[in-house]
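Below is one structure, written out as structure tokens; the observations come after it.
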Amino acid sequence: MITILVFALGLLIGSFLNVCISRIPKRESIVFPHSHCPGCGRNLKAAELVPVLSFLVQRGKCRGCGGKIAWRYPLVELLTGVIFIVLYTRYAGIDFLLYAIFFSLMVIVFFIDFDHQIIPNRLILILLSYVLVWQITRPVVPWGEALLGGILGGCVFLILALISKGGMGGGDIKLVAVLGLLFGWRYILILMFLSFILGGVTGALLLAAGIKKRKDGIPFGPFLVLASFIVSAWGENILFWYLRLSGW
């Protein structure tokens, strides 16, 4: 029963995240105006705002103009629900709440970078402020490890940006530095390694399928988000597996 409630909470939060994903790149308020159809501008009624279900009942179309509703909307809602369930199985009480809020912000980063290949500075500032308050009130790792993680992550990605001559964006550098502050130097190494694997495999598949060409840019933020979620959920298991495999 609690798992269902957690999933439902994730769906509701995901609905709000859709608003943020749509409006933040346009520098619009996420509070006003009321949710409306991007095609005809008609304000949506409460029955049209029920996560996932409204999309299915309306068959992916606006009741007013008949315009198509992007599949991204139910996808974000379902994804957020699944994220909440996974976090609930790994964390309890205040820890679950802290990670749930953090990854709600990360979902916004994922889709904005995916759509626009940019991570807005105000999102980075919000994440940084949140992580700092988190580390001060309920440290995930000791402050020494956190500071070293932030410096290590930021420096590695800065060097990559210089070597690749812009292949790695400034938003990626700032994001990985914030992630380093949260996870510390041990886990930021795992996180970066996973993000490179995810990015490399995805890039190779897109090239093989002809969807992307060698000179086409691929946003890296989504891979950092995915890697950070894997580390949050299973990072300790991955670290123990690596240490055992390496004989340390």
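Miscellaneous remarks
- With respect to being touching a Ser or Thr at 6+ places or on another chain (Cβ under 6 Å) and either crowded, with 18+ Cβ neighbours inside 10 Å or farther than 22 Å from Leu179 by Cβ (or both), Gly60 falls outside the description.
- Meets criteria (under 23 Å from the mean Cα position of the chain (by Cα), surrounded by 12 or more Cβ atoms within 10 Å (Cβ to Cβ) and not β-branched (Val, Ile, Thr)) for Arg138: no
- Across the stretch 158-176, the qualifying residues are those that are within 13 Å of Phe196 (Cβ to Cβ) and not acidic (Asp, Glu), and the one among them that is surrounded by the fewest Cβ atoms within 10 Å (Cβ to Cβ) is Ser164.
- The residue that is surrounded by the most Cβ atoms within 10 Å (Cβ to Cβ), among those in the stretch 177-206 that are more than 17 Å from the chain's Cα centre (by Cα) and over 17 Å from Phe223 (Cα atoms), is Gly184.
- Residue check for Leu17: in contact with a Pro (Cβ under 7 Å, 6 or more places away or on another chain), assigned to a helix (DSSP H, G or I) and of a type outside the set (D, E, K, R): no
- Scanning the stretch 96-117 finds no residues that are charged (D, E, K, R), touching a residue at least 12 places away in the same chain (Cβ under 8 Å) and outside the structural domain of Gly170 (by TED's automatic domain parsing).
- Boolean, Leu162 is within 27 Å of Tyr88 (Cα to Cα) and not assigned by TED's automatic domain parsing to the domain that holds Pro25: no
- Test: residue in the stretch 53-65 that is outside the structural domain of Phe103 (by TED's automatic domain parsing) and within 30 Å of Ile124 (Cβ to Cβ): no
- Residue-level analysis places Cys37 among those that are surrounded by 14 or more Cβ atoms within 10 Å (Cβ to Cβ), touching a Lys or Arg at 6+ places or on another chain (Cβ under 9 Å), in contact (Cβ under 8 Å) with a residue 12 or more places away in the chain and not β-branched (Val, Ile, Thr).
- Residue match in the stretch 85-93 (condition: in a helix (DSSP H, G or I), free of Cβ contacts under 8 Å to residues at least 40 places away in the same chain and under 25 Å from Glu48 (Cα atoms)): no
- Across the stretch 63-96, the qualifying residues are those that are among the aromatic types (Phe, Trp, Tyr) and within 23 Å of Val140 (Cβ to Cβ), and the one among them that is surrounded by the most Cβ atoms within 10 Å (Cβ to Cβ) is Phe84.
- From the list Ile218, Ile211, the one residue that fits, being surrounded by fewer than 18 Cβ atoms within 10 Å (Cβ to Cβ) and within 18 Å of Val107 (Cα to Cα), is Ile218.
The values are calculated or read from the model by the stated rules, or taken from the named source; none is laboratory data. Just so we're clear, the structure is a prediction, and the values are computed from it rather than from any experiment. Note that each Cβ is placed from the backbone with ideal geometry, even for glycine, and that neighbours are counted across all protein chains shown.
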